[in-house]
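A quick write-up on the structure given underneath.
The values are calculated or read from the model by the stated rules, or taken from the named source; none is laboratory data. What you are looking at is a predicted structure, and each value in this text was computed from that prediction instead of being measured. So basically every Cβ, Gly included, is an ideal-geometry build from the backbone, and we count neighbours across all protein chains shown. Side chains included, ligands, DNA and RNA excluded: accessible areas come from the protein's heavy atoms. Shrake-Rupley method; radii C 1.70, N 1.55, O 1.52, S 1.80 Å.
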Amino acid sequence: MGRSPLPEPEPEWLKGISDPGAVKRAILENEFSGSPPSPKDLEALYQRYMAAREIGENLQRMRAAGATVRYYTGDVRDERAVKEIFGSIRQEFGPICGLIHGAGYLQDRLITDKTDEQFEAVFSTKVKGLEVLLSAAGNDPLKYLILFSSVAGRMGNRGQADYAMANEVIGKMAQNEAANRPDCRVISVAWGPWDGGMVSDGLKKEFRQKGIGLIPIEAGANALLREMVVPAGNRGVKAPVEVVIGAGFGDQAKWDLPEEVVTAAPIQAPIQAPIQAPIQAPIQAPIQAPAHPPSLSLTFKREIDQTGYPILDSHRIAGRPVVPFALMTEWLGCGALHENPGLFLQGLDQIRLLNGIRIDEEKKLIRLMAGKARKNGSSFEVDVEIRDGVQEGIEVIHYRAKAILGSSQPSPPRFDASVFMKGNGYPRTIDEIYENVLFHGAELRGIKKVITLTDRFMTAKLAAAPAPDQWMKEPVRSRWIGDPLVLDSAFQMAILWTYEQKGQTCLPSYAESYRQFTRRFPKEGVTAILEVREVTNHKMKGDFTFLNDRSEMVARLTGYEAVMDPSLIRAFKKSA
């Protein structure tokens, strides 16, 4: 998206001319035949033609590489226009997954000569533009938020007080977004001057005279990709949010990304480097992360495949076995208890799915990592993670949570379930639910009865899980800590609710808090109540309450989040 209109074919008199002087002479001869233009008018028309050429060439290159590309004309500061554009994108492609904010504008003047209008144009393009983009993105599941800043934001530059302020502000906005979006890789790149883009020929000459190197385009692009492939959420590597990248690449401009770019490590350019000295970004010697941070240690490991874990045959998405979220939640509890004998699992906080575990023909080695117990009031907290392996120094982390341990189970809060128990004649049979809506196989068909389903809540009877050795050949424990079938069936309730109310299906991604008020779940199963708290086009949030046959609270899961996507319906049907 840009302010420039979608380019029309170049006039014949301009085709094949690339030298800036020759282009300007052609413009003079063909656009200003009547009277000579001012240098400002000539430069403006030159920039317009060059922008159109660059847009057209880039679109052509991306399509030639196999990409599907749409170009939209709009001002990034215009909230209504941007939201309309984002709406068009969602209709064609689905939710927004990444944003690169590269808009910039210069009106170089000394502070005493700069007008309010000039300041606003420069400052708002960066700052308001980012605000508008974030507002338009709404609750879409962003995986990348890339902001183009400038080293001027750190060092200042003559005549660019507004530009420096704007770039420093978006750097701090990036820090805030990174804190609030743990699953999104947020980067604010303070670029040095590029050999292209906003750097005109006159500026290039000035930089050369000052001894300031320019970033080669290909090397700069590779440097950005190198930053982007560091996983979000600090998966084994402390990924910086604000990064300075400058010149000094030399022959590395021809450097190629490795085939498995998802395992690359970040460029750590020194933030304090003066602008007069080229910043050296060591892209040929990536920083290696340790196998795992010293705060977490290995508690146990397991090789997972379909033979050793027959339960996986009942949990296939798009035909491929996927380890259930509920089973991994059980293992997170096991990892916390492993080094803390005598304590009981009271709950888990901030249960986050970072990277689902799909099983192919080969076995997958899963490692359960746990930290040291920290005293917090009458309880203890233990950081736990489920990891896969190390690829080029970077850990692959699948799940993360904070376990809450105590010497006894907490007392359950009082809960009035009467309002949720009034049946409303839900029409589908259990067989129909599992044949037409859910993808779960026989071993995971834990919903036994739907009592009621409304636009605000859902109540159902759920079955208890069999012994662990019925699901896997080498269980971690002989008895469950919680009940993974109850938990998985609760997630199935969320799928069923979104299907009936929104015409979509969903998968779990996060839960803020889980509390368990009994050492063993009832063998006869539980009654589960889903209270829906918030729904957007792509996400559902709610709370689950689990009751025994005396209407006493057995456990509670709050702050549950599930991602909705139209493609999941097709994936579920393929599984069935």
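Quick rundown of the values:
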quantity: Two-decimal Rg to Rh for the range 52-188 - Kirkwood Rh, Cα set; calculated: 1.00
quantity: Computed label-point distance, nm, for sites D431 and V169 using a 7 Å Cα→Cβ extension; calculated: 6.4 nm
quantity: Top positive-direction residue, dipole computed over the range 125-199 with Cβ charges, set G159, C184, I146; calculated: G159
quantity: Full-stretch length increase - L225, E79 - with 0.36 nm per residue and alpha-carbon distance subtracted; calculated: 49.7 nm
quantity: Length-normalised contact order for the range 86-178 - Cα pairs under 8 Å, 6+ apart - percent; calculated: 37 percent
quantity: Cα-projected label distance for D455 with S408, points at 7 Å along beta-carbon direction, nm; calculated: 4.6 nm
quantity: Karplus-derived HN-Hα couplings along the range 115-120 (A = 6.51, B = -1.76, C = 1.60, θ = phi - 60°), whole Hz, x at Gly and Pro; calculated: 8, 4, 5, 5, 4, 4
quantity: Sequence-separation-based contact order of the chain, relative, with Cα cut under 8 Å and 6+ spacing, percent; calculated: 10 percent
quantity: Charge sum, other residues only, whose C-beta stays under 15 Å from D416's C-beta, Lys/Arg counted +1 and Asp/Glu -1; calculated: +1
quantity: Residue-wise HN-Hα coupling along the range 310-321, computed from phi with Karplus coefficients 6.51, -1.76, 1.60 (Hz; x: Gly, Pro); calculated: x, 4, 5, 5, 9, 9, 10, 10, 6, x, 10, x
quantity: The range 392-535 - percent of accessible surface contributed by carbon and sulfur, probe 1.4 Å; calculated: 45 percent
quantity: Principal-axis tilt of helix 39-64 within the chain, Cα atoms, nearest 10 degrees; calculated: 40 degrees
quantity: Karplus-derived HN-Hα couplings along the range 72-89 (A = 6.51, B = -1.76, C = 1.60, θ = phi - 60°), whole Hz, x at Gly and Pro; calculated: 10, 8, x, 8, 4, 8, 8, 4, 5, 5, 5, 5, 5, 5, 4, x, 5, 5
quantity: Amide hydrogen neighbours beyond the local backbone of V554, cut-off 5 Å, H modeled; calculated: F546, L547, N548
quantity: Computed magnitude of the charge dipole of the chain (debye, nearest 20; Cβ of K, R +1, Cβ of D, E -1); calculated: 1440 debye
quantity: Cα gyration tensor category, rounded, prolate or oblate, for the range 1-46 with a/c compared to 1.5; calculated: oblate
quantity: Pairwise label distance in nanometres, A179 with A121, each label 7 Å out on the Cα-Cβ vector; calculated: 3.5 nm
quantity: Gap separating the Cα centres of the range 319-385 and the range 1-38, nearest whole Å; calculated: 63 Å
quantity: Tilt relative to the chain, helix 20-31 - C-alpha long axis, 0 to 90 degrees, to 10; calculated: 80 degrees
quantity: Nonlocal amide H pairs with I451, under 5 Å, H built at 1.01 Å; calculated: T459, A460, K461
quantity: Prolate/oblate/rounded call for the range 420-468, Cα gyration tensor, a/c under 1.5 rounded; calculated: oblate
quantity: Contour minus Cα-Cα distance for M62 and K473 (0.36 nm per residue); calculated: 143.0 nm
quantity: Ellipsoid equivalent to the range 375-510 - semi-axes via the Cα gyration tensor, in Å; calculated: 31, 22, 17
quantity: Tensor-based shape of the range 446-573 (alpha-carbon gyration tensor, a/c under 1.5 rounded, otherwise prolate or oblate); calculated: prolate
quantity: Amide H partners (placed H, <5 Å) of I100, local residues excluded; calculated: I146
quantity: Cβ-based charge dipole, the chain, positive-most Cα from I404, A442, N548; calculated: N548
quantity: Degrees, to the nearest 10: 484-502 long Cα axis against longest axis of the chain; calculated: 60 degrees
quantity: Value of D in µm² per second that Stokes-Einstein yields for the chain, Kirkwood Rh from Cα pairs, at 25 °C (0.890 mPa s); calculated: 90 µm²/s
quantity: Spread of Cα-to-Cα distances over 10 Å intervals beginning at zero, given as percent, for the range 349-436; calculated: 12, 24, 21, 26, 15, 1
